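Visitor: If you scroll down you'll find the structure; I have some questions about it.
The values are calculated or read from the model by the stated rules, or taken from the named source; none is laboratory data. This structure is a prediction, so every number in the text was calculated from the model and none was measured. Because the Cβ atoms are built from the backbone with ideal geometry, glycine has one as well, and the counts that use them run over all protein chains shown. Remember, those area values only see protein heavy atoms, side chains included, never the ligands or the DNA or RNA. Shrake-Rupley method; radii C 1.70, N 1.55, O 1.52, S 1.80 Å.
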Amino acid sequence: MKIAVAQINTTVGDFEGNAAKIRAAVDAARNAGAKLVVTPEMSLSGYPAEDLWLRDDFCDQCVAELMKLAPYCLDVAVIVGYPHREGRTRYNAAAVLRGGRIEQFYFKQKLPNYQVFDEKRYFETGDRACVFEIDGRKLGLTICEDLWFPEPAAKAKAAGAQVLLSINASPFHRAQLAERYSRMGARVKETKLPLLYVHGVGGQDEIVFDGASFALDAEGMLTYQAEGFKEAIEIVELEGDAIAGPKAPPLTEEETIFRALMTGTADYVNKNRFPGVILGLSGGIDSALVLAVCVDALGPERVHAVMMPSQYTAQMSIDDAREMAKIHGVKYTEIAIRPIFESYRAQLAPSFGQAAPDRTEENLQSRIRGALLMALSNKFGSIVVTTGNKSEMATGYCTLYGDMAGGFAVLKDIVKMLVYRTSNWRNSKGRVIPQRVIDRAPSAELAPGQTDQDTLPPYEVLDAVVERYMERDMSAEQIATGGYDLDTVRRVVRLIQLNEYKRRQAPPGVRITPRSFGKDWRFPITSGFHPKP
C-alpha cells in the first residue's frame, strides 16, 4: 500500500492556503496510486495558534474549511489535523477524510505543557483509540505527544492496529531528532508494530519545525527518512512489517543549525509579508553570520547591510564590512555616526556636568545606530534583524533600544562559540566571511581598544555556564564542580538574573536549544529570590 507523506509548511490561520497544500498532496497521491495522505498535526489551522484556539470564530472557520476539503477526498483517505470545538471545549484533533466525508476523528490523549507547549490551556484530553482500515490493513492514528508515552500506542494495538501513524508538530531543537528516534523506537519495541512519523516543516514566530519525517519497521530499524527543513510530498510503501521509502543522508550539527536559522528567518519575513531585511553590519562575527543567513534564506536582493562607523571603529571593520557586502552582492550603505554622537553629547553636556564618560556614552552610540536602522525600516518597509547572540542576551551585554532594536533576532539562541562553529561551517561551503573576522578578538568598538573579554569571562567559560544554568537548571555550586571558578560562575548567574528586564523587551528569534530566551524562559523581572552562596 502506498502512502503519501505530506511534509508541508503551514501558516497559522491561513485555512485556505493550508487546504491548498493538502489538496496538492492529494493530487500527488492520486498520481502515484497512493491510498492514504498523512499531513502533520494541526495542518489545517497551523501550529501553535496559541490563544486563537480560544476563539470560536477561529475554530469554526477552520472546521468550515475542513468540510470544504472533505469532498476532495473521494478515492484517497486523508488525515488532517485541526482544532475540534464542542461548545467551550476544544480538542487537538485529527480527521480521517474519505468518500467525501469525515469518516472518523481522533482526539489527542497526551497534552504537553512544558517548554514551548501550553496545550492544557486550550484543550481537553481524548481517551479513545482511532483505528481505520485501508486495503485490509488497520492503521492506528495518534498525535505527537501521544507516542512519547506507552498508553496511546497500547490502546491503538488493543483496538486492532497493525501500523502506528503519528502526526506531529514537534518544535525543533538541536537534540530533538535523536529524542524522537528514542521515544518512537520504544513504542515500536513495546507494540511490535511499524510506525510512520509525519512531521511539518517551517517557522512560526520563534519556533522552527524541521520536517525529517521517518518510519521504523517492527524491529525498530529506520526504513524511511525525509530530508530536514525541506517541504516535500513523498511516497512510501507499506509492505509486511515495514514502511519503505527514500533515506536522506544525516546532516551535521552545524548544517542543521544553519538550516534552522534560515528556515526561521525566511518564514518570519515571508509569512509576515516584509519585503526584506535591514541589518547593521559591523565587521564583526555576529553580524557576518546574520548576513550570511539572511542572504541564503532570502536572496541578496532582499538584504540591505548598513555600516555605521564611529571614531572607535577600526578601519579593518569597515574594510571587512565592504568586502562581505561585495561577496554577497547586497545593497550596502555607510552612515557615519560621529557627527550625530557629538551633537548628542553637546546637547547633554549641561545635564551631565562634570560627570566622567562611562557606559552611558557607549550605549548612546548603540542607540544612535538603532535609531538609524529603524528609520530606514520605517521608510522602506524592510524589517530590522538584530545581530546579538545568546551569550550577550544572557548577560545583558547589549543595549536596550540600541543593538536590541529590531523585529527579529536571528542569533537569539546561538551562544558565541556556536557562532564561530556555524560561521566556519558556512565558509566551508563557500567563503563568505573573511578569515580575520573569525580570528580577531570580538569587540563592540564603543570605546578605545575595547574587547568583549574586558567585561565578560572567556566565551568558552561563559557559554558553558549559560547552558548549564538556564538549560539544565543547575546551581552555581553544581556548575563549579565541572571545573569552573565559583566566583566567575556566580558573577555570570547574577548577570543572567539582573538582565531579565532587557530580555523581556527583546524581539523574537529562532529557537535551536531545548530552552531559549522566549516561550521556554518565564522568570519574573521583579524578584527577591537569590540562590544561596
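Visitor: In segment 455-475, is there at least one residue being closer than 26 Å to Thr313 by Cβ, buried (at least 17 other Cβ atoms within 10 Å of the Cβ), in contact (Cβ under 8 Å) with a residue 24 or more places away in the chain and among the aromatic types (Phe, Trp, Tyr)?
Guide: For segment 455-475, residues closer than 26 Å to Thr313 by Cβ, buried (at least 17 other Cβ atoms within 10 Å of the Cβ), in contact (Cβ under 8 Å) with a residue 24 or more places away in the chain and among the aromatic types (Phe, Trp, Tyr): present.
Visitor: Of all the residues that make up segment 502-533, how many are within 26 Å of Tyr114 (Cβ to Cβ), touching a residue at least 40 places away in the same chain (Cβ under 8 Å) and open to solvent by 50 Å² or more (accessible area, probe 1.4 Å)?
Guide: Residues in segment 502-533 being within 26 Å of Tyr114 (Cβ to Cβ), touching a residue at least 40 places away in the same chain (Cβ under 8 Å) and open to solvent by 50 Å² or more (accessible area, probe 1.4 Å): 2 in total.
Visitor: Right, next: Of a type outside the set (Ser, Thr, Tyr), open to solvent by 40 Å² or more (accessible area, probe 1.4 Å), under 30 Å from Thr313 (Cβ atoms) and in contact with a Lys or Arg (Cβ under 9 Å, 6 or more places away or on another chain): which single residue out of Asp296, Asp286 fits that description?
Guide: Values: Asp286 fails: open to solvent by 40 Å² or more (accessible area, probe 1.4 Å).
After ruling out the rest, the residue left standing is Asp296.
Visitor: Another question, if that's okay. Mind listing whichever residues of segment 85-106 are under 25 Å from Arg23 (Cβ atoms) and open to solvent by 30 Å² or more (accessible area, probe 1.4 Å)?
Guide: Within segment 85-106, Arg85, Tyr91, Arg98, Gly99, Arg101, Ile102, Glu103, Gln104, Phe105 qualify.
Visitor: Residue by residue through segment 31-50, note down the ones that are part of a helix (DSSP H, G or I) and either open to solvent by less than 50 Å² (accessible area, probe 1.4 Å) or touching a residue at least 40 places away in the same chain (Cβ under 8 Å) (or both).
Guide: Scanning segment 31-50 gives Ala32, Glu50.
Visitor: Only residues that are in contact with a Leu (Cβ under 8 Å, 6 or more places away or on another chain) and small (Gly, Ala, Ser): list them for segment 46-85, please.
Guide: The answer is Ala70, Ala77, Gly81.
Visitor: With the requirement that a residue be under 21 Å from the mean Cα position of the chain (by Cα) and open to solvent by less than 10 Å² (accessible area, probe 1.4 Å), what does segment 210-227 give you?
Guide: Asp210, Gly211, Ala212, Ser213, Phe214, Ala226 - these are the residues of segment 210-227 that are under 21 Å from the mean Cα position of the chain (by Cα) and open to solvent by less than 10 Å² (accessible area, probe 1.4 Å).
Visitor: Here's another thing I want to ask about it. Looking at Gly126, Gly81 in this structure, which one is more than 19 Å from Gly200 (Cα to Cα), among the small types (Gly, Ala, Ser) and either at pLDDT 95 or above or part of a helix (DSSP H, G or I) (or both)?
Guide: The unique qualifying residue is Gly126.
Visitor: May I pose another question? Which ones in segment 332-384 are among the polar types (S, T, N, Q), surrounded by fewer than 16 Cβ atoms within 10 Å (Cβ to Cβ), in contact with a Phe, Trp or Tyr (Cβ under 9 Å, 6 or more places away or on another chain) and in contact (Cβ under 8 Å) with a residue 24 or more places away in the chain?
Guide: none
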